[in-house]
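Here the structure is laid out as structure tokens; the discussion comes afterwards.
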Amino acid sequence: MANVTVIGAQWGDEGKGKIVDWLAERADVVVRFQGGHNAGHTLVVSGKTYKLSLLPSGIVRGTLSVIGNGVVFDPWHFRDEVAKLKAQGVEINPDNLHIAETCPLILPIHRDLDGLREDASGAGKIGTTRRGIGPAYEDKVGRRAIRICDLAHLDDLDMQLDRLCAHHDALRAGFGEPPVDRDALKAELAEIADVILPYAKPVWLTLNEARKRGRRILFEGAQGVLLDVDHGTYPFVTSSNTIAGTASSGSGLGPSAAGFVLGIVKAYTTRVGSGPFPSELEDETGQRLGERGHEFGTVTGRKRRCGWFDAVLVRQSAAVSGITGVALTKLDVLDGFDEIKICTGYRIGDQTYDYLPPHPQDQAKVEPIYETIEGWSESTFGARSWAELPAQAIKYIRRVEELIQCPVALVSTSPEREDTILVRDPFAD
Ligand code: IMP
């Protein structure tokens, strides 16, 4: 069995798009299993740029693409994303795209609530994408979500809407907002149902059949391990489990289906939104990393915070997610630095840590312990073999591997697909 699960091993935006596309070409099925349209995956295929938020990356190449039950699904965003991609010439139909019937819907009231809470939180805000992700997951576990399969039973929707709206009306009243316009919501759902239902399938069945026939399944994670609701920098996290284990629960396959777990790791660290970031650089060096790395969010356009590579966090991500090997991206952004620092531990007062303590106050207080290594002046941009890398860059990669206790399987040296150094083929394992 040669399945691959790709996940971000930092705070998202590690460059998963290119790696997923590279692997998708050799996969039979590509599956999204968590998150929603808060993700931003940019693919460059034959010189054309595609921006995906909700759809699995395989769709661009016509590979069977699946949205699993673990995803929260905004049907109106779906309609618009499909229309945009079709306008770029991408073929999308119910044969090459299957969506789990059990996906909970993101509704306009979830978007409202996300924004209202963020606006009311002042300095304590999470910095969400305001796309309703958190409120939609809350309604899922609160057992009052409207799911895709409910769109096929519009006559039965009233009781569900009663429960859902009673909850939201109380929350909205707290923000001085009017109650939900229940009739308008029902009418909007009735209107969008015909767009969604042709794609709605028992995807657990499709995937189990594919697995029995020995098809290669690629699980495409969104966000990153440090944004995981259990293992991340809580409460500054997203509302899903972003670790590789979710590939199973979020798609309807058993835990052994994950296969090779490929953690995507940027050669430095970035974060969008609020929350602790021990190795953050609020100086010229951070500025330089941001400019060289074009660090602006794909979904929100926000400037990303930048800092040195944090080996403590990636080691922790690799452990909690069972990462088999990592893909190191954006190495070229470090070209030309005289010195490069790697965070190897933390200190609070006299106490040192080799992991990130869980309490937000401790996380905000930790001081990084750095190891400094000599940089390189040569360009690594576009390198396709070890021989093309300067000796110091190789030394950096080897040190990263040692510190995170995980081997490098791939090195990406530019946004172009071919500019990749392959050490170990995840699908060949
Ligand atoms: P939410 O997922 O919109 O609720 O946002 C929660 C946190 O996750 C915020 O800090 C967002 O910036 C972050 N986040 C959500 N999706 C992504 C992503 O795809 N890349 C990076 N950060 C993300």
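The values are calculated or read from the model by the stated rules, or taken from the named source; none is laboratory data. Here the structure is a predicted model, which means the values were calculated and not measured. No Cβ is skipped: glycine too gets one built from the backbone with ideal geometry, and neighbour counts run over all protein chains shown. The protein model used for the area step is the full one, side chains on, heavy atoms only, and it has no ligands, DNA or RNA in it. Shrake-Rupley method; radii C 1.70, N 1.55, O 1.52, S 1.80 Å.
Which of the peptides 2-11, 308-317 is most tightly packed, and how do the rest follow, going by the mean number of other Cβ atoms within 10 Å of each residue?
Numbers: 2-11: 26.6, 308-317: 24.3.
Put in order of decreasing packing, that is 2-11, 308-317.
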On a 1.4 Å probe surface of the protein chains, which of ARG130, ARG172, ARG182, ARG271 comes out largest in accessible area, and what is the full order? ARG130, ARG182, ARG172, ARG271
If I compute solvent accessible area with a 1.4 Å probe over the protein chains, what percent of it on the range 108-196 is carbon and sulfur? 52
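May I ask you to derive the FRET efficiency for ASP194 and LYS48 from their Cβ-Cβ distance with R0 = 35 Å, giving the value to the nearest 0.05? The partial results should precede the final answer.
Values: r = 30 Å, r/R0 = 0.86.
Step by step, r from the Cβ atoms, then E = 0.70.
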Can you give the accessible area of ASP354 in Å² (nearest 10), computed on protein heavy atoms with a 1.4 Å probe? 100
Computing the accessible area with a 1.4 Å probe over protein heavy atoms, can you report the carbon and sulfur percentage for the range 266-428? 47
Taking 60 Å as R0, compute the FRET efficiency from the Cβ-Cβ separation of ARG79 and ALA2 and round it to 0.05. 0.95
Spin-label pair GLU339/GLN160, simplified geometry with 7 Å Cα→Cβ offset, distance in nm: 6.0
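Below 10 angstrom from the Cβ of ILE373, what's the summed charge of the other residues (Lys, Arg +1; Asp, Glu -1)? Intermediate results must be reported in sequence, preceding the final value.
Numbers: positive: LYS341, LYS395, ARG399; negative: GLU339, GLU371, GLU374.
My count for the surroundings of ILE373 gives 0.
How far, in nm, would the chain grow between GLU25 and TYR355 when pulled straight, counting 0.36 nm per residue and subtracting the alpha carbon separation? Intermediate values should be presented prior to the final figure.
On the way: separation 330, 0.36 × 330 = 118.80 nm, distance 3.66 nm.
Extending this stretch completely gives an extra 115.1 nm.
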Students often get this wrong: which residues of the range 359-383 have the backbone nitrogen under 17 Å from the point 7 angstrom along Cα-to-C-beta of ASP283? 367-375
Once the Cα atoms of helix 391-404 and of the chain are each reduced to a long axis, what angle between those two axes, in degrees from 0 to 90 to the nearest 10, is obtained? 60
Can you list residues from other chains, or at least 5 along the same chain, whose modelled amide H is less than 5 Å from the amide H of GLY40? GLN223
Please give the solvent-accessible surface of ARG147 in Å², to the nearest 10, using a probe radius of 1.4 Å with every protein chain present. 90
Top of LYS86, LYS201, LYS48 by mean-square fluctuation, Gaussian network on the chain, Cα under 10 Å: LYS48
With θ set to phi - 60° and the Karplus curve 6.51 cos²θ - 1.76 cosθ + 1.60, what are the ³J(HN,Hα) couplings of the range 158-164 in order, to the nearest whole Hz, using x for Gly and Pro? 4, 5, 5, 5, 4, 4, 5
Degrees, to the nearest 10: 311-321 long Cα axis against longest axis of the chain: 40
Using only the alpha carbons of the chain, what is the convex hull's orientation-averaged projected area in square nanometres? 20.4
Computed label-point distance, nm, for sites GLU177 and ILE394 using a 7 Å Cα→Cβ extension: 5.7
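How big is D for the range 266-428, in µm² s⁻¹ as a whole number, if Stokes-Einstein is applied with the Kirkwood radius of its Cα pairs at 25 °C and 0.890 mPa s? Could the numbers behind the result be given before it?
Values: Rh = 16.5 Å.
Result for D is 148 µm²/s.
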Residues of the range 309-336 with the amide nitrogen closer than 15 Å to a label point 7 Å from the Cα of GLU378, along Cα-to-Cβ, please. 332, 335-336
Using θ = phi - 60° and the Karplus form 6.51 cos²θ - 1.76 cosθ + 1.60, what ³J(HN,Hα) does each residue of the range 40-46 get, whole Hz, x for Gly and Pro? x, 10, 9, 10, 10, 10, 6
Could you calculate the contour length gain from ALA387 to ASP169, that is, 0.36 nm times the residue separation minus the distance between their Cα atoms, to one decimal place in nm? 72.2 nm
Å² of accessible area per residue within the chain, as computed with a 1.4 Å probe and no ligands counted: 40
